[in-house]
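Before we start, here is the structure in question, set down as structure tokens.
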Amino acid sequence: MTNRVEPSVFDSSQYHEDCIEILREIQWLPFLEKFHGSNEEVTKQFSFTFNGEKALIGNFSFRVSEDTIAQAIGISPEGEKYFKTKQFKEKSWTQFMSRSRVSSVNWKKGVPRSWLMHPWDEMVYILQKFITCEGRYSIVYLYHIKLLLHLKKQCVISIPYFLLQILTKMSKTIQKQKGNEDKSLYHFVLIKILIEHELQRRGNHGKNSSLLIKLEMRKIKKKCKRTQGS
């Protein structure tokens, strides 16, 4: 069992209506509503084999790129190719922060999420659960602010590129510490979404497509279990 607690379902009733409206405006709701279950063995196998371009799960090989992620999640790849490690010095973060806290901010250590004003404190929480998947929900870092700027349409970043970098970084970490990977394993549902999209792309269309995809996923899971046990 992995150590990270990651949601397998997006339930809009758990979040403030202001947050849902922001997600609706930015057209992220269809992506988040794809969150329905995952499989740990499949996620592990993906992480063990993904090289930044392709992954192999059992006998199922598929390509993962900015474009394929964009197609699977329904979010445009247009915008700045931004990732966590890319710094920016803008003071635009002050608009999200309680005025009484601005002078105390230290981005090297991060800041408590409670310092952010509504609805941005809760929006960061949603980002942490479904996009960045850190598991440290109480602390906000500068890259969360960059994502908030994107949500507020004050900048445009490529979310598919951001997610590709997360998957690549995770897989590199997992491959270095094989046998002790539980702490670094995440994005279970995103990986499932990518696999299901690829199965659909390869021809599982028509009224029975969802059933065919489920059957294919079962085959993949069985192969993963055999691989894990060998």
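Condition test on His144, is it buried (at least 18 other Cβ atoms within 10 Å of the Cβ), outside the structural domain of His187 (by TED's automatic domain parsing) and out of contact with any strand residue (DSSP E or B) (no Cβ under 6 Å at 6 or more places or on another chain)?
Criteria met by His144.
Would you say Tyr186 is in contact (Cβ under 8 Å) with a residue 12 or more places away in the chain, in a helix (DSSP H, G or I) and either in contact with a Leu (Cβ under 6 Å, 6 or more places away or on another chain) or hydroxyl-bearing (Ser, Thr, Tyr) (or both)?
no
Which one is nearest to Lys176 (Cα to Cα), of the residues in the range 38-52 that are surrounded by fewer than 21 Cβ atoms within 10 Å (Cβ to Cβ) and over 16 Å from the mean Cα position of the chain (by Cα)?
Result: Phe48.
Take the range 179-221 and flag every residue that is surrounded by fewer than 16 Cβ atoms within 10 Å (Cβ to Cβ), at pLDDT below 70 and of a type in the set (Lys, Arg).
Answer for the range 179-221, where residues must be surrounded by fewer than 16 Cβ atoms within 10 Å (Cβ to Cβ), at pLDDT below 70 and of a type in the set (Lys, Arg): Lys207, Lys214.
Out of Glu6, Glu21, report the one residue that is of a type in the set (Asp, Glu), in a helix (DSSP H, G or I) and either under 27 Å from Met117 (Cα atoms) or in the same structural domain as Arg218 (by TED's automatic domain parsing) (or both).
Details: Glu6 fails: in a helix (DSSP H, G or I).
After ruling out the rest, the residue left standing is Glu21.
Take the range 48-87 and flag every residue that is assigned to a helix (DSSP H, G or I), within 23 Å of Lys34 (Cα to Cα) and of a type outside the set (Asp, Glu).
Thr68, Ile69, Ala70, Gln71, Ala72, Ile73
It is to be established whether one or more residues within the range 103-118 are out of contact with any His (no Cβ under 7 Å at 6 or more places or on another chain) and within 30 Å of Lys54 (Cα to Cα).
no
Checking Ser61 against (1) within 19 Å of Phe188 (Cβ to Cβ); (2) without any contact (Cβ under 8 Å) to a residue 60 or more places away in the chain; (3) not assigned by TED's automatic domain parsing to the domain that holds Ile131: exactly one of these is not met. Which one?
Here Ser61 clears every test but (1).
The values are calculated or read from the model by the stated rules, or taken from the named source; none is laboratory data. Source: prediction; values computed, not measured. Glycine also receives a Cβ, built like all others from the backbone with ideal geometry; neighbour counts cover every protein chain displayed.
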